[in-house]
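Notes follow the structure.
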Amino acid sequence: ELKWDGMRVVARSAPDGWVLMGRSGRDVTASFPDLGGDDGVAGLSARLGDRAVVLDGEVVVVDEAGRPSFSRLQQRMNVARPEPSLVAAVPVQYLVFDLLRLGGIDATDLPYRERRRLLEALDLDTGAEGRVRVPPLLDLGPAEAWATAEAMGMEGIVAKRLDSPYRSGRRSPSWRKAKVLRTQEVVVAVAAA
């Protein structure tokens, strides 16, 4: 998968709407009111019915070229109740990459391959103008995936074992992140007086 430079968020359906939780377990629902509309997670309720659903993903802000911009996202992070002008100026999207619960099924022990199949079957994308998307998997080898991420200006890639279960709250050797490092060589000259 491409590595999106954003804020990790778990979205959980609830009887009175959706709850968004940050990596620390802090409720960040009010920080992202633009995800609560019909083109966001709230719009998923009509598709999912009354099934309890828990999703894992990344909240991102994309620039004009479609690349994530962490510096723009920082304008929204840790803002408990953003003003409408900030929400309009710095819109967010929720990129869903994993399914943790579907109805009465705890999917965390299922292999990633099966969780991803179930996730894609839910058809969660809220359209080109929508705020929820399921980014495609890269059906490429490591070198080609790396080159694709680099060419797209992405943060890197995440390689996931297809047979791996989901492990909440800890790093797993089954998910490996590789960041694209952008370097530049420069010459510094100092003139003597």
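Taking label positions 7 Å along the Cα-Cβ direction at both Gln74 and Thr108, the computed distance is 3.2 nm, reported to one decimal. Taking all protein chains into account, the per residue accessible area for the stretch 1-70 stands at 44 Å² (1.4 Å probe).
For Lys3, the residues 5 or more places off, or on other chains, whose built amide H falls under 5 Å of its own are Glu155, Gly156, Ile157, Val158.
If I take every Cα pair under 8 Å that is 6 or more residues apart in the chain, average their sequence separation and divide by the length, what percent do I get for the relative contact order?
Relative contact order, the chain: 24 percent.
Could you work out what % of the accessible surface of the chain is carbon and sulfur, using a 1.4 angstrom probe and leaving DNA, RNA and ligands out of the count? Percent of accessible area from carbon and sulfur atoms in the chain: 53.
The values are calculated or read from the model by the stated rules, or taken from the named source; none is laboratory data. Keep in mind it's a predicted model, so treat the numbers as computed, not measured. Don't worry about glycine lacking a Cβ; one is built from the backbone with ideal geometry, like all the others, and counts go over all protein chains shown. We work out accessible area using only protein heavy atoms, side chains counted, and drop any ligands, DNA or RNA first. Shrake-Rupley method; radii C 1.70, N 1.55, O 1.52, S 1.80 Å.
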